[in-house]
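Here is the structure we will look at, set down as structure tokens.
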Amino acid sequence: ANEIVYRSLRNHLKNHYQILAESKSGSGQEKWAALTEDMLVTIGDDVEIEHLRDDGEALNLDVIGCRYARHFLRVCEPELGAILTCELDEHTVATSNDEVTLNRPKTIMKGDSKCEFRYAFPKNRNGA
């Protein structure tokens, strides 16, 4: 039953973010930035972020505290928590038309001490 619900939630959220991106103007990277900014406003101080790099070619962040992960781990539902929170970052990246990539090898939701966000902007790196 969980698999059916999880698949449905993932598809719904992915479609939702595609629709939100269509309502934004600009390039794929600009749409991603607008969606990300909207999410950060909603998140507020529920996550503690350490900024490591932001230079136009890359944005590197570590989330070193996450209220969402604490909650979902406490109720033994990390997979549901990942679908409802962590995977939203992947959905926003998917709206960028490959102008933004994300590598996130570690997440608190999976039991790591931090979430490592390594965004890259290939178009900027290639001088386009």
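Observations, loosely collected:
- Test: residue in region 113-120 that is assigned to a loop (DSSP other than H, G, I, E, B), at negative phi, at pLDDT 95 or above and out of contact with any Pro (no Cβ under 7 Å at 6 or more places or on another chain): yes
- Scanning region 79-101 for residues that are in a helix (DSSP H, G or I), free of Cβ contacts under 8 Å to residues at least 40 places away in the same chain and open to solvent by 50 Å² or more (accessible area, probe 1.4 Å) yields a single hit, GLU90.
- Qualifying residue in region 53-68 (condition: in contact (Cβ under 8 Å) with a residue 24 or more places away in the chain, within 23 Å of ALA120 (Cα to Cα), outside any helix (DSSP H, G or I) and open to solvent by 50 Å² or more (accessible area, probe 1.4 Å)): yes
- Of all positions in region 26-45, at least one carries a residue that is loosely packed, with under 12 Cβ neighbours inside 10 Å, on the phi > 0 side of the Ramachandran plot and among the small types (Gly, Ala, Ser).
The values are calculated or read from the model by the stated rules, or taken from the named source; none is laboratory data. In this text, all values refer to a predicted model and were calculated from it rather than measured experimentally. Cβ sites come from the backbone with ideal geometry, for glycine too, and all protein chains shown count toward neighbours. We work out accessible area using only protein heavy atoms, side chains counted, and drop any ligands, DNA or RNA first. Shrake-Rupley method; radii C 1.70, N 1.55, O 1.52, S 1.80 Å.
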